Amino acid sequence: MSERFDGTEHLHAYPLLYALANALAARGFTTSLGARAVTVTRKGDASLRTQTITCKPRPIDGDRLWFFAALGEPIAQADQIIDAAVIIAADLASRDVAMGDEQ
C-alpha cells in the first residue's frame with residue numbers, strides 16, 4: 001500500500017491479496033503482488049494472458065471485502081481465499097481450452 005492511506009485502498013486488503021497470491025502460486029501460477037492488486041499468469045503460457053485481481057469493499061454485501069477481476073466482476077468474498085483461487089485458476093484454464101479450440 002502507499003505510505004499514506006488515500007481512500008482507494010482498504011487497510012486489510014493487502015494481507016488478503018498476499019494470501020491469494022500464495023494460494024495461486026501453490027497451484028503453479030506466477031503471481032506479482034502490488035500495493036493494490038495481484039497479477040496472475042499461467043507458467044509457460046506463451047500468450048502471456050494475465051488476470052489482475054483487486055480487493056475492495058462490496059457495497060451490496062455490507063461493504064465486506066471481495067476479490068474483483070480487472071473489469072470489476074466480483075470473484076469471491078475475500079475471506080474465501082481458496083474459493084477465489086479455484087475460480088481464478090478455472091478461468092485461466094478455460095481460456096486455454098477456448099484458445100485451443102480456435103486453433
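The values are calculated or read from the model by the stated rules, or taken from the named source; none is laboratory data. Please read all numbers here as calculations on a predicted model, not as lab measurements. With ideal geometry, Cβ positions are generated from the backbone for all residues, glycine too; neighbour counts draw on all protein chains shown. Accessible surface areas use protein heavy atoms only, side chains included; no ligands, DNA or RNA. Shrake-Rupley method; radii C 1.70, N 1.55, O 1.52, S 1.80 Å.
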Next item on the list: Order the peptides 11-22, 56-67 from the highest to the lowest mean number of other Cβ atoms within 10 Å of their residues.
Entry: 11-22, 56-67
Margin query: From the P(r) of segment 12-95, could you give the percentage of C-alpha pairs in the tail past 17 Å?
Written below: 39 percent
Note to self: For a quick check of understanding: with a 1.4 angstrom probe and all protein chains in place, what accessible area in square angstrom does L71 have, to the nearest ten?
What the structure shows: 150 Å²
Check: How far is it, in nm, from the label point at N22 to the one at D83 when both lie 7 Å from their Cα along the line to the Cβ?
Finding: 2.1 nm
